[in-house]
Amino acid sequence: NAGVMQNPRHLVRRRGQEARLRCSPMKGHSHVYWYRQLPEEGLKFMVYLQKENIIDESGMPKERFSAEFPKEGPSILRIQQVVRGDSAAYFCASSPSSGGYDTQYFGPGTRLTVL
Amino acid sequence: GDSVTQMEGPVTLSEEAFLTINCTYTATGYPSLFWYVQYPGEGLQLLLKATKADDKGSNKGFEATYRKETTSFHLEKGSVQVSDSAVYFCALFSSNTGKLIFGQGTTLQVKP
């Protein structure tokens, strides 16, 4: 049973470019969460999605950031016009819709570096 | 709002020493509590969890007991190994908000 998959593992972008981060949840999981981890800090919640729906995006910056979880395919976190302050590790987690929905399983993360 | 506070690190121990990492929380309702571990360059792995008061979560020699009276979930291990060196995160899941809230993490270094 494959775990949560994220790609790419490392991403380098220049200021002003776009970054696309992908997350495939564990099989049977329909809830996806995105977190950001800045160096030497804990994880901060960004957004919570179910298939085709954004449930909670209260942790997402209002500009340049967007997320989706389409009916088919992985969840995508998109950062437009990246700036140096976007450099961080971005983690995706998934959970089942019932029976243990409080437990999230994390992917290996995407480490974004903005030059 | 809900929050989690962990003891500051780094915590440096010799192999086979006893480990305690303190974690306290503030939450409305009855949250589930978790410990996650992050090895260098990797994602978070679920270490153990407890869903109600007096529950004890355990895994790989690590234990933590959900103490509602002291709002704590301290992580313990009787004899640490070098391979336990990692960052440990305490977290709570609030059914009110549907969010997982993390402490700031505690770095553990175990020396041979």
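The values are calculated or read from the model by the stated rules, or taken from the named source; none is laboratory data. If you're wondering where the values come from, they're calculated on a predicted model, not measured in any experiment. Here the Cβ is made from the backbone with ideal geometry for all residues, glycine too, and neighbour counts use every protein chain on show.
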Exercise for the section: Among residues belonging to the range B:11-36 that are within 11 Å of chain A (Cβ to nearest Cβ) and of a type outside the set (Phe, Trp, Tyr), point out the one that is surrounded by the fewest Cβ atoms within 10 Å (Cβ to Cβ). Expected result: B:SER32
Exercise for the section: Among the residues of the range B:48-68, count how many are over 17 Å from B:SER94 (Cα atoms) and aliphatic (A, V, I, L, M). Expected result: 1
Practice task
Check whether at least one residue in the range B:101-108 is more than 14 Å from chain A (Cβ to nearest Cβ), part of a strand (DSSP E or B), under 26 Å from B:GLU16 (Cα atoms) and in contact with an Asp or Glu (Cβ under 8 Å, 6 or more places away or on another chain), and report yes or no.
Solution key: yes
Completion exercise
Log entry, pairs with first residue in the range A:18-40 being modelled with pLDDT of 90 or more and assigned to a strand (DSSP E or B), second being surrounded by fewer than 19 Cβ atoms within 10 Å (Cβ to Cβ) and polar (S, T, N, Q), beta carbons closer than 9 Å, six or more apart or on different chains, reads A:ALA19/A:GLN80; A:LEU21/A:ASN7; A:ARG22/A:ASN7; A:CYS23/A:ASN7; A:SER24/A:ASN7; A:HIS31/A:GLN50; A:HIS31/A:SER97; A:VAL32/A:GLN50
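So that you can scan it fast, the table gives a plain yes or no per residue for (1) part of a strand (DSSP E or B); (2) within 14 Å of another protein chain (Cβ to nearest Cβ):
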site	(1), (2)
A:VAL12	yes, no
A:ARG15	no, no
A:PHE45	yes, yes
A:ALA89	yes, yes
Fill in the blank from the handout: Among residues of the range A:17-43 being of a type in the set (S, T, N, Q) and farther than 15 Å from A:SER75 by Cβ, the residue nearest to the other protein chains (Cβ to nearest Cβ) is A:GLN37
Completion exercise
Of the residues in the range B:25-52, those that are charged (D, E, K, R) and in a strand (DSSP E or B) number 1
Practice task
List the number of the failed condition for B:THR28; all other conditions in (1) of a type outside the set (D, E, K, R); (2) modelled with pLDDT under 95; (3) within 19 Å of B:LEU108 (Cα to Cα) hold.
Solution key: (3)
Handout entry: B:TYR39, sole failed condition from (1) surrounded by 15 or more Cβ atoms within 10 Å (Cβ to Cβ); (2) within 14 Å of chain A (Cβ to nearest Cβ)
Key = (1)
Completion exercise
Exactly one of B:LYS111, B:LYS52 is touching a residue at least 24 places away in the same chain (Cβ under 8 Å), surrounded by fewer than 17 Cβ atoms within 10 Å (Cβ to Cβ) and of a type in the set (D, E, K, R), and that one is B:LYS111
Problem - Scan of the range B:67-92 for residues that are touching a Gly at 6+ places or on another chain (Cβ under 8 Å) and in a loop (DSSP other than H, G, I, E, B), ordered by number - result: B:GLY78, B:SER79
Problem - Pair list, Cβ under 6 Å, 6 or more apart: the range A:73-99 residue closer than 21 Å to A:GLY16 by Cβ, other residue of a type in the set (Asp, Glu) - result: A:ILE76/A:GLU68; A:ILE79/A:ASP86; A:GLN80/A:GLU18
